[in-house]
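Undergrad: Structure provided below as structure tokens; questions to follow.
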């Protein structure tokens, strides 16, 4: 079946990128976290309270992605992504009322943002996120790693765009005359509602039996063997639990850094307060680039070999970050290490869906990757707890970065077990 009869697959790429840019807003939480924090915040919340809406958003994102994967396999990506855009916009728009609802009460304010920004907004991200990935893996079976990286590029790049927007809006709404935090949520919510729903309208799956011209699936891959394993079968295999555990370990390091990079940079170098948007922006660009680079590399070197390199580099960066938390050093150095963390973190989102498709086939990748992605929700909670608890206890990020560095080492070691699983799969 020719491509001219089924539509242009590159239009689907553009729609997916627009959706992911909006969904990537969750990675810009660091600006809201600082605005809510003790030192200079509107509400002077404790560190742990500023982490909870972010952790809830990540957990909700991961949980609802399981439902989204199943739903989009039944009705297609357009309807599910549209629903995700409505939820994401609603979560932010409702968060606009936090100044009124909380009325200065820290507990009420935290609970309200957990519900609106975290649970409702996170659910919207979960419903929208899986749709471009599942669709594009089917449209580009010859380049699963690279196209998955491109599909999620916007998610990482979104933090760069949204970061500058949030910094500007927070500056406007925290002026002496207003001193509030709700306004930015309203404006961003309207933008996300429009952006995701528009991008969703061009998402679709190729017809059954379609493949790109000139491509024949190799018989050593899951698709080549005609496998279409369902989640219930997948979770009974050792390969699934390896992927799931590795994702938890590696993602915890990246999420903790993304959620706290602004505060950590200021703690190391107080002058970083003027450069926070630049630090987060460069880290976000590297996060986005890592999704494409690591995905393309894995198509050549193999998923497990690429994961070993990526996790090892991530571990080194986390230990360097831990050391920098004990000395006085320029924010430029902080930005450099944070960029390495972002570059490695981004690779997770091209390698793990690709590895899932390699092991269990592309037909049900939406359902299967949704289950694998529950690990991301656990990582979001762990990252928030590690930062909130240890920074609260010690007043420094040193221990938090050291712990996540150890987790990255553990992920690297597990790649040797994954290598044996993939080798057996090819036999």
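Undergrad: If I fit a long axis through the Cα atoms of helix 77-95 and take the longest principal axis of the Cα atoms of the chain, what angle between them do I get, 0 to 90°, rounded to 10?
TA: Rounded to the nearest ten degrees, it is 10.
Undergrad: Can you tell me the 0 to 90 degree angle between the C-alpha axis of helix 121-139 and the longest principal axis of the chain, rounded to 10?
TA: The answer is roughly 30 degrees.
Undergrad: Using Cα atoms only, what is the angle between the long axis of helix 303-324 and the major principal axis of the chain, expressed in degrees (0 to 90) to the nearest 10?
TA: Relative to the chain, helix 303-324 is tipped by roughly 10 degrees.
Undergrad: For a quick size check, give me the Cα extents of the range 45-169 along its three principal axes, largest first, whole Å.
TA: 54, 30, 22
Undergrad: Mind running the shape call on the range 100-211? Use the C-alpha gyration tensor, a ≥ b ≥ c as the square roots of the eigenvalues: rounded below 1.5 for a/c, prolate if a/b tops b/c, oblate otherwise.
TA: Here the range 100-211 falls in the prolate category.
Undergrad: Normalised by the residues of the range 63-148, what does the relative contact order come to in percent, with Cα pairs under 8 Å and at least six apart?
TA: Contact order relative to length: 41 percent.
Undergrad: Right, something else. Considering all projection directions equally, how large on average is the shadow of the alpha-carbon convex hull of the range 309-380, in square nanometres?
TA: Directional mean of the projected Cα hull area for the range 309-380 stands at 5.7 nm².
Undergrad: Right, next: Sort 229, 48, 181 so that the residue with the fewest other Cβ atoms within 10 Å of its own Cβ comes first and the one with the most comes last.
TA: 48, 229, 181
Undergrad: Using only the Cα atoms of the range 119-175, what do you get for the radius of gyration and for Dmax, in Å?
TA: Answer for the range 119-175, Rg first and Dmax second: 15.5, 52 Å.
Undergrad: At 222 nm, what helix-only mean residue ellipticity would the chain give, in deg cm²/dmol to the nearest 500, using -39500 (n - 2.57) for each DSSP H run of four or more?
TA: -25500 deg cm²/dmol
Undergrad: A further question on this structure: Quick check on the range 268-402: what does the Kirkwood estimate of hydrodynamic radius come out to from the alpha carbon pairs, in Å?
TA: This gives a value of 16.3 Å.
Undergrad: Distance in nm between label sites at residue 406 and residue 74, each 7 Å beyond Cα in the beta-carbon direction?
TA: Simple spin-label model gives 4.4 nm for this pair.
Undergrad: Also: In whole angstrom, and with the biggest value first, how far do the Cα coordinates of the chain range along each principal axis?
TA: Computed over the Cα atoms, the extents are 63, 42, 34 Å.
Undergrad: Test of understanding: ordering 99, 105 by Cβ neighbours within 10 Å, fewest first, what list do you get?
TA: 105, 99
Every number in this text was worked out from the coordinates using simple rules, so none of it is lab data. If you're wondering where the values come from, they're calculated on a predicted model, not measured in any experiment. Glycine also receives a Cβ, built like all others from the backbone with ideal geometry; neighbour counts cover every protein chain displayed.
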